[in-house]
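This report refers to the structure that appears directly beneath it.
No lab work stands behind these numbers, since they all come straight from the coordinates. As the structure is a prediction and not an experimental result, all values here were calculated from the model. Using ideal geometry, Cβ is built from the backbone for each residue, glycine included, and neighbour counts are taken over all protein chains shown.
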Amino acid sequence: MLVALLALSACGGGSTPAPTTAQQARSPCPRAIAAALGAAADARLDDRSDTVVDCTYRAGATTARVRVDSAPQAQFRFSRAVVESGQAHLGDPPSELPQVLDGIGAGAAWTAAGRELLATDGRRLVTVTVVRPRADAPARATAVTVARAALKP
């Protein structure tokens, strides 16, 4: 019995194999988001519940964490989050205040300090946090690209 347990414990020490095409097809991480970052982009599931999927996407020097939340009242929760974020940072530097962006779903707001974009199409609430690149302008452009892909029907 002890020998069998030792043999089993020795088997798990290697690295995790790359997902097969079939595993990627079953992934809850929307492939359209990875495709928006580039052909070589990959996705990793970080967490999942009945209404929320958290994934990390990587493509070259770009890394973005994306949360797609399909719980009810996405538009109301988006509006409330933007207002509360603004209230929490009144008097702080402008980079702390959310900047409302047009042309992304039914609403979007970018917060430069956290390199975070919150967007909604009225049915889903999408949060994109750009981990890399660090520069604000490329991070914002990346977040907009990812949010648009996440909100596509």
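Between T63 and S27, what is the FRET efficiency for a Förster distance of 22 Å, r being their Cβ-Cβ separation, to the nearest 0.05? Before the final figure, lay out each step's value.
Working: r = 17 Å, r/R0 = 0.78.
Using R0 = 22 Å, I get an efficiency of 0.80.
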> Does the stretch 44-90 come out rounded, prolate or oblate, given a ≥ b ≥ c as the square roots of the eigenvalues of its C-alpha gyration tensor, rounded meaning a/c under 1.5 and, failing that, prolate meaning a/b above b/c?
Replying inline: oblate
> What list of ³J(HN,Hα) couplings, whole Hz, do you get for the stretch 46-62 from phi and the Karplus terms 6.51, -1.76, 1.60, once you set θ to phi - 60° and write x for glycine and proline?
Replying inline: 9, 6, 8, 9, 4, 10, 10, 10, 10, 9, 10, 10, 10, 8, x, 8, 10
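How long are the three semi-axes of the equivalent ellipsoid of the stretch 107-153, in whole Å, if each is the root of 5 times an eigenvalue of the C-alpha gyration tensor, listed from largest down?
On the way: eigenvalues 71, 20, 10 Å².
Working from the Cα gyration tensor, I get semi-axes of 19, 10, 7 Å.
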> Could you give the nm distance between label points at A35 and H89, where each point is 7 Å from its Cα heading toward the beta carbon?
Replying inline: 3.3
> Simple spin-label model, 7 Å along Cα-to-Cβ: A71 to D136 in nm?
Replying inline: 3.1
> In whole Å, what are the Cα extents of the stretch 36-151 along the three principal axes, biggest one first?
Replying inline: 41, 33, 25
